[in-house]
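Written out below as structure tokens is the structure these notes cover.
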Amino acid sequence: MEFTQEQKLYAQVVNEAWENAQFKSELIANPVAAIEKLTGQKLNLPEGKKLVVRDQTDEEAVYINLSAKPDTEDVELNEEQLEAVAGGAVFPGGSLINIIDIFKPTPTFPVPDKPLQY
């Protein structure tokens with residue numbers, strides 16, 4: 001499986017934070033500057049967005065990340081989706097569509113199909 005540049009960057013940042021306490025502190029305090037220092041490259045975030053890093057390494061805690069609520073005001077369903085909502089249509093492979101899948105938020109960083117190996 002080929003990893004995307006985003007997946008490689010994410011793995012590099014997380015691994016460095018696991019191995020280097022100073023980098024981890026810098027990453028939490030100023031994520032963009034810490035990542036740019038680590039990689040030597042400018043990090044391009046979408047306009048108006050900020051990068052937030054939270055330390056979730058406490059093994060006695062379970063963390064839940066809440067993503068932004070999707071904006072569904074101007075969403076139009078295609079014919080196939082409308083039929084599925086109206087009649088519970090079956091899609092290729094025999095599975096029923098889940099309406100929540102239509103509006104599923106996209107994660108900030110892609111999640112690999114398999115756990116990363118170090």
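Worth pointing out:
- Ranked by how many other beta carbons lie within 10 Å on average, peptides 36-47, 56-67, 14-25 from highest: 14-25, 36-47, 56-67
- Sites K50 and L82 - FRET efficiency at Förster radius 41 Å, r taken between beta-carbons, to 0.05: 0.65
- Using θ = phi - 60° in the Karplus curve 6.51 cos²θ - 1.76 cosθ + 1.60, the 3J(HN,Hα) couplings for the stretch 48-63 round to x, 9, 10, 9, 10, 10, 10, 7, 10, 9, 5, 6, 8, 10, 10, 10 Hz; x is entered for Gly and Pro.
- Global geometry of the stretch 1-65, whether rounded, prolate or oblate, following the gyration tensor of its Cα atoms and the 1.5 cut on a/c: rounded
- Pairs exceeding a 22 Å alpha-carbon distance, out of K8/K69; K24/K69; K8/K42: K8/K69; K24/K69.
- Taking a point 7 Å from the Cα of Y63 along the Cα-to-Cβ direction, the residues of the stretch 23-50 with backbone N closer than 19 Å to it are 23-36, 50.
Every number here is computed from the coordinates shown, using simple stated rules; none is lab data. None of these values were measured; they are calculated from a predicted model. Positions of Cβ are generated from backbone atoms using ideal geometry, with glycine treated the same way; all protein chains shown enter the neighbour counts.
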